[in-house]
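The values are calculated or read from the model by the stated rules, or taken from the named source; none is laboratory data. Here the structure is a predicted model, which is why all the values come from computation and not from measurement. Glycine gets a Cβ as well: all are built from the backbone with ideal geometry, and neighbour counts include every protein chain shown. The accessibility values were calculated without ligands, DNA or RNA, using every heavy atom of the protein model including side chains. Shrake-Rupley method; radii C 1.70, N 1.55, O 1.52, S 1.80 Å.
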Amino acid sequence: MKKKSLLNWIFSFAGEKKAAYCFSVFFALLRVACGIAPYILIADIVKKLLSGVRDWNVYFYDCAIIAAFWLGNALFHMFSTTLSHIATFNVLANIRKRLCDKLSRVPLGRVLDMPSGSLKSILIERIDSMETTLAHILPEWTSNLVLPLLMFVWLFHIDWRMGLASLATLPIGIISASFMMVNMTERFNNAIQKTKILNDTAVEYINGIEVIKAFGKAKSSYERFVVAAKEGSDCFVEWMRDCIWPFTIAFVIAPSTLLSVLPIGGFFFLRGTLSAVDFISIIILSMSVIQPLLTVYSYHDDIAKATVIFGEVGGIMDMKELERPSRDAQKPADNSIELRDVRFSYHKDKQGQEGRDGEIIHGVSLKIPQGTCAAFVGPSGSGKSTLARLIASLWDVDSGSVEIGGVNIKNLSLEEYNRRVAYVSQDNFLFDMSVRDNIRLGRLDATDKEVEAMAKKSGCHDFIMSLENGYDTIVGGSGAHLSGGERQRIAIARAMMKDAPIVILDEATAYTDPENEAVIQESVARLVKGKTLIVIAHRLSTIRDADMIYVIKDGAIDSCGTHEQLLKKRGLYKSMWEAHISAKDE
C-alpha cells in the first residue's frame, strides 16, 4: 500500500467537512494579515514620531486601526479554530464509523487475534489523542509558517543585511533541535509498543479479576501490571530526559533575535548606513520572525504521532474482508444448507504476514434440508463450533463451499445472509442496556409488547419479571448483573425475535439448569418449527430427536444418522451416549 501523507489521511476521512478545513485555513491567513499589520503600523508611528509629527489625531487614527487589526486577529482566530474543530470531530467520528464497519466485514478470527486492549486503545484513546493535532495543524501550521515568511520579506525590503541578521540565532536552534531527532523513530515506536502492552495488561487484569481473586493470585497478577506501567512511563521519561537540554537551547536561543539584531544594527547605525527609523522598525519586526517557526516545529511530534496512528487505522482498514458482494449475485431457492468439501484453518496476522495454525476442518461435506433439525456432536475440540461459525459466516472457508439454497454464501451480501441466519453461541454477549433493549436488538422496530410476547414464547418472561426492574433492568457490561443461564435465555429470545429462517444454537443452554433447560427447549422447539435448525450440544439427550445427527471427530465427519441408527452402528456416538447415560444415572 502506498504510504499516505497526514494531509491525505485527513481529507480521506473529512467527508462533507473538507470545505470547513479550507475555510479554516482561509481565516487563518486573514488572521496572519491582521497579525502583521500592527507591527508595520507601529513602525510607521515610530517613524512619524522621529520625523516630528505632532498631530495627535494622526496617532489616534493609527492606534484605532491597530486595535481593529487586533480585534480582527481574535475574530479570525475564533472562526478558524471553530471550523477546524467542527471538521476534526467529523474526521474522528468518520474514522470510528469506518473502523467499526470494517470490523463487521472482517473474519471473526482476525478480529479475535487482535488484543482487545490494543483495539480499544486505537478506537478510543489513540484516535481521541489526534483531536488537538488535527484541529490546529492545518490553520495554525499554515499561519505560523506564512507569518514569519512575510515578516522576513518585509525586513529584507527595509534592509537586506538586517534581514539576515534577524536569522542569525536560527542555526543554533536548528542544530540543537537536530539532537532531539536522534533515534526518534526508534524511541517513538518503543513508546507505542510499551503503551500497547500496558493497555493489553490492564484489560487482561480487569477481565480476569474474578479468577485472580478466586485463586489468590492478586499480587503476582498485579505485579505484571505494575511492571508494564513502569516500563511505559520509563520510556517516556528517558526520552524527555535526553531531549530536555537540546529543547531548552533551541526554544530559548532561537527566538532571541535581539541578540544579533541589536549589536549588528547598532554597528550599522553608528557607521551611518542604517537610519534610526529603520533600526527601530527592524527591532520591532524582528521579534515576530522566529517564534512562529518554532511553533511550526513544535507540531513535528504531533504530526509524527498522528501519522503513526493513521498508519494503525490503515492497517485495520487493509485487513482482508469476508468475500461478499454488495448485492446478491444469486437468489437462494430455499433455506437448505450444504457444505461441499469444506476445509478451514485459523488465520493469524503476525508481523504483517498471514500464517496458518494448521487445518482444523478436513473436507467436510453434508446437506441439511430446509425445515429439518441437524445436530453436531463430538468430543471437545473436534470442530463442531468451527463448522457452526463457518455456516454462520463468521469466517470464510479456505476451500470448498458453504451453500444456502444451492447458492454459495460468497455470492450473497452480508445483509441478506444476516437476515437469513440467527446464531446463538454458548458465550453470549449482552450490551449494557435494559433487558428489553437487548431482546429488541433482534428486530429494532419491535414494540414493547412484541418484545414481551417473544420473551414469554421463549420461556424467560417469569425470570425477567423477578428482576429488580423487570424488562427495564440494566444488565451491566457484558450482562455482568445476570447469571450465565439468564444471559443465554435472553440471547435466545433475541435470536428468536430476529425470526430468521435458519437458526444455529451452539451450546445455547450450556449454563442453564436441567429444569430451565427443558422449558427453554420446549419453547425453542415451538419457535423454530418449520425453520432450518442446527444444534450443537454436549448433552446428547437434548438432540436425540434431531432429524440427522453428525458425529464430528478431529475436524471430519465420523458418522451420521438418526439417534437409533447411530446406536446400532456401535461407533463413537454409542460410546458417547453410554457415557452420557452413565453420568446421568450417577
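Brief remarks follow.
- Restricting the calculation to alpha carbons of the stretch 123-170 gives Rg and Dmax of 17.1, 53 angstrom.
- Annotation: aspartates and glutamates with alpha-carbon distance below 19 angstrom to Lys456 (same-chain offsets under eight excluded): Asp437, Asp445, Asp448, Glu468, Asp472, Glu486, Asp499, Asp513, Glu515, Glu517, Glu522.
- For Gly378, nonlocal amide neighbours, meaning residues 5 or more places apart or on other chains whose placed amide H falls under 5 Å from its own, are Ile552.
- Using the Cβ-Cβ distance between Asp445 and Glu323 with R0 set to 25 Å, the FRET efficiency works out to roughly 0.25.
- Amide hydrogen neighbours beyond the local backbone of Tyr423, cut-off 5 Å, H modeled: Ile504
- DSSP-loop chymotrypsin sites (Phe, Trp or Tyr not before Pro) across the stretch 363-425, with at most 11 other Cβ within 10 angstrom: none
- Degrees separating the helix 572-585 axis from the principal Cα axis of the chain, which is the longest one: 80 degrees
- Helix 448-457 vs. the chain, principal-axis angle (Cα, 0 to 90°, nearest 10): 40 degrees
- Multiplying the residue separation of Met181 and Lys18 by 0.36 nm and removing their Cα-Cα distance gives an extension gain of 55.4 nm.
- Computed accessible area, Phe11, all protein chains, 1.4 angstrom probe, square angstrom: 60 Å²
- Couplings 3J(HN,Hα) of the stretch 65-80, computed from phi: 5, 4, 4, 5, 5, 5, 5, x, 4, 5, 5, 5, 5, 4, 4, 5 Hz, in residue order, whole Hz [Karplus 6.51 cos²θ - 1.76 cosθ + 1.60, θ = phi - 60°; x for Gly and Pro].
- Highest mean first, the peptides 264-274, 186-196, 552-562 sorted by other C-beta atoms within 10 Å per residue fall in the order 552-562, 186-196, 264-274.
- Inter-probe distance in nm under a simple model that places probes 7 Å from Cα toward Cβ, at Ser233 and Arg539: 5.1 nm
- At an R0 of 22 angstrom, the distance between the Cβ atoms of Ala276 and Val153 translates into a FRET efficiency of 0.45.
- For the set Lys529, Lys305, solvent exposure ranked by accessible area (probe 1.4 Å, protein chains only) runs largest to smallest as Lys529, Lys305.
- The distance linking the stretch 230-293 with the stretch 38-62 is 28 Å (Cα centroid to Cα centroid, whole angstrom).
- Each peptide in 494-505, 120-131 receives the mean, over its residues, of other Cβ atoms within 10 Å, and ordering these scores from highest gives 494-505, 120-131.
- Across the stretch 399-407, computed HN-Hα scalar couplings (Karplus, 6.51 cos²θ - 1.76 cosθ + 1.60, θ = phi - 60°) run 8, x, 8, 10, 10, 10, x, x, 10 Hz from first to last residue, x flagging Gly and Pro.
- Estimated inter-spin distance, Phe225 and Ser399, nm [label 7 Å along Cα→Cβ]: 4.8 nm
- Cα-derived Rg over Rh, computed across the chain with Rh taken as Kirkwood radius: 1.16
- Inter-label distance for Thr562 and Lys457, nm, one decimal - labels placed 7 Å from Cα along Cα-to-Cβ: 2.8 nm
- Here the Karplus relation 6.51 cos²θ - 1.76 cosθ + 1.60, evaluated at θ = phi - 60°, turns the backbone of the stretch 481-493 into coupling constants of 7, 10, 6, x, x, 5, 4, 5, 5, 5, 5, 5, 4 Hz, with x for every Gly and Pro.
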